[in-house]
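K.L.:
Here it is, the structure, as structure tokens.
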Amino acid sequence: MPRPQLPFTVLKAGHVELRVTDLGRARAFYVDLLGFVLTEDDGKRVYLRGLEEWEHHSLILRQAESPGLGHIAYRVAGDEDLDALERLVRGRGLPARWIEPGEERGQGRAVRVQDPLGFPVEFYHRVERVERWLQRFHLHRGAQVMRIDHVNLHTPDVLSGQEWYTHGLGFMVSEYTETEDEPPRLWAVWLHRKQNVHDVALMTGPGPRLHHVGFWLPEPLSVLRAADLLAAAGFESSIERGPGRHGISNALFLYLRDPDGNRIELYTGDYLIPDPDFEPVRWALNDPKRQTYWGHPAPRSWFDEASLVETFDGDDFEPIRPP
């Protein structure tokens, strides 16, 4: 299928904002325990990043009445791309508004939309550069989180979601899951802009809901170290799934629930996709190795529970049910 020629270029998943009910408790979990780098804390939001990241933040923790997703953000190649994206979304009748420079710390102007799946999505280009800690080894702490990698989203209509991301935004498919029906039905899809397996995954489920945010670790031993750290600090119950290896993406993983129930994945070991003619990998829904190549099967909570999404201009919705 020919790739669409679009008047903008999405580069990568840039950051995610999570709502938390106790900012101090969340900061302690992410910074003191897991080792995220603290860029800034303004009393209402905590801005964090990974060790190899030079952008001001890749994770925002926002004080709120209930937990869940604030917004997802993608970086684009140029400031003019934002105008083209605004025209695209308004042409489709989607809600959109401009985020002024500095409204989100460390970021220039951005356009925030409610996408066709119901998710609050922000597009930005300009961002404050901060010190990269990649080789400041004496400062590395916790699980040694290097960078944001992807988001995984629940939606009841994965096919429409794939069409939005591929035809609307120029994403490419790396892997997908189909049912064994005749004709088969698309169940889940992994889509990317950067050169690895995914920036975003869409899975069939009640939505819009955020299943998890994935963060990259430098090596397999870091996944095991993260589990040791959590257990030693009395947070073993925060480990929801893993360690294990996915068939999809080939990645080693550990899934955690933060103190508010928001789910993150610590992730490493997937593969490079440098070629635009890469053939997407198909998985059958009933293949037991697609989700768990090895390791214990996922618990029921991993399938049933996910973070609720903030409506475009709203800030009042029910909190996630604890596992």
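The values are calculated or read from the model by the stated rules, or taken from the named source; none is laboratory data. What you are looking at is a predicted structure, and each value in this text was computed from that prediction instead of being measured. Neighbour counts are summed over all protein chains in view; Cβ atoms, including those assigned to glycine, are modelled from backbone coordinates with ideal geometry. With ligands, DNA and RNA removed, areas are computed over all heavy atoms of the protein, side chains included. Shrake-Rupley method; radii C 1.70, N 1.55, O 1.52, S 1.80 Å.
K.L.:
Mind grabbing the accessible area of MET172 for me, 1.4 Å probe, Å², rounded to tens?
P.N.:
Around 40 Å² of this residue is reachable by solvent.
K.L.:
Continuing with the same structure: Between LEU94, LEU217, LEU230, where does the largest GNM mean-square fluctuation fall for the chain, given springs only between Cα atoms within less than 10 Å?
P.N.:
It is LEU94.
K.L.:
Per q in 0.07, 0.09, 0.15, 0.16 Å⁻¹, report the Debye log10 I(q)/I(0) for the chain, using one uniform scatterer on each alpha carbon and no solvent.
P.N.:
Taken in order of the listed q values, log10 I(q)/I(0) reads -0.25, -0.43, -1.33, -1.56.
K.L.:
Would you mind getting me the FRET efficiency between LEU134 and ARG87? Use the beta-carbon distance for r and R0 = 30 Å, nearest 0.05.
P.N.:
0.20
K.L.:
Where the centre of each part is set by its Cα atoms, how far does the stretch 213-253 sit from the stretch 293-308, in angstrom?
P.N.:
14 Å
K.L.:
Give a quick list of GluC sites (Glu not before Pro) in the stretch 44-142 that DSSP marks as loop, anything other than H, G, I, E or B, with at most 12 other Cβ atoms within 10 Å. Mind showing how you got there, number by number?
P.N.:
Values: sites: GLU52, GLU53, GLU55, GLU65, GLU80, GLU86, GLU103, GLU104, GLU122, GLU128, GLU131; in loops: GLU52, GLU53, GLU65, GLU103, GLU128, GLU131.
In loop regions of the stretch 44-142 (DSSP not H, G, I, E or B), the sparsely surrounded GluC sites (Glu not before Pro) are GLU65, GLU103, GLU131.
K.L.:
Which three extents, in whole angstrom, do the alpha-carbon atoms of the stretch 87-145 cover along their principal axes, largest first?
P.N.:
50, 24, 16
K.L.:
Here's something else I'd like to know. Which value, in Å² rounded to 10, gives the accessible area of THR166 with a 1.4 Å probe and all protein chains present?
P.N.:
For THR166, solvent-accessible area is about 20 Å².
K.L.:
Here is a further query. Of LEU59, MET146, PRO120, which is farthest on the positive side of the dipole of the stretch 54-151, counting Cα position, with +1 on Lys and Arg Cβ, -1 on Asp and Glu Cβ, and the Cα centre as origin?
P.N.:
Final value for the positive-end residue is MET146.
K.L.:
Starting from the residue with the highest accessible area, list PHE137, PHE29 in decreasing order, probe 1.4 Å. Don't skip to the end; give the middle numbers.
P.N.:
Numbers: PHE137 135, PHE29 5 Å².
Ranked list, largest accessible area first: PHE137, PHE29.
K.L.:
In debye, nearest 20, what is the charge dipole magnitude of the stretch 1-159 about its Cα centre with +1 on Lys and Arg Cβ and -1 on Asp and Glu Cβ, if you could check?
P.N.:
I would put it at about 160 debye.
K.L.:
Not counting ligands, DNA or RNA, and with a 1.4 Å probe, what is ASP277's accessible surface area in Å² rounded to the nearest 10?
P.N.:
Counting only protein heavy atoms, the figure is 120 Å².
K.L.:
Just want the answer: with Cβ charges of +1 for Lys and Arg and -1 for Asp and Glu, which residue in THR155, ALA232, LEU272 is farthest toward the dipole's positive end in the chain?
P.N.:
ALA232
K.L.:
Within 10 Å, at most 11 other Cβ atoms, and a DSSP state outside H, G, I, E, B define an exposed site. Report the longest part of the chain free of exposed trypsin sites (Lys or Arg not before Pro).
P.N.:
It runs 137-323.
K.L.:
Next up: Rounded, prolate or oblate for the stretch 1-101? Axes are the square roots of the Cα gyration tensor eigenvalues, ordered a ≥ b ≥ c, and the cut-off for rounded is a/c under 1.5.
P.N.:
It is prolate, given that a/c is not under 1.5 and a/b is the larger ratio.
K.L.:
Shifting gears a bit: Mind giving me the nanometre distance, one decimal, between the label points for TRP294 and ASP275, set 7 Å out from Cα along Cα→Cβ?
P.N.:
Those two pseudo-labels are separated by 2.8 nm.
K.L.:
Could you calculate the FRET efficiency of GLU219 with GLN195 from 1/(1 + (r/R0)^6), where r is the beta carbon distance between them and R0 is 25 Å, rounded to 0.05? Mind dumping the intermediate values first?
P.N.:
Numbers: r = 19 Å, r/R0 = 0.77.
Once the sixth-power term is evaluated, E becomes 0.85.
K.L.:
Could you give the size of the charge dipole of the chain about its Cα centre, using +1 on the Cβ of each K and R and -1 on the Cβ of each D and E, expressed in debye and rounded to the nearest 20? Before the final figure, lay out the partial values.
P.N.:
On the way: 37 positive and 50 negative charges, 96 e Å.
That gives the chain a dipole magnitude of about 460 debye.
K.L.:
For the full complex of protein chains and a 1.4 angstrom probe, list VAL130, VAL223 by accessible area with the highest value first.
P.N.:
VAL130, VAL223
K.L.:
Let me ask another. Order TRP294, TRP54, TRP190, TRP283, most accessible first, counting only protein heavy atoms with a 1.4 angstrom probe. Don't skip to the answer; put the middle values down first.
P.N.:
On the way: TRP294 120, TRP54 70, TRP190 15, TRP283 40 Å².
Largest accessible area first, the residues go TRP294, TRP54, TRP283, TRP190.
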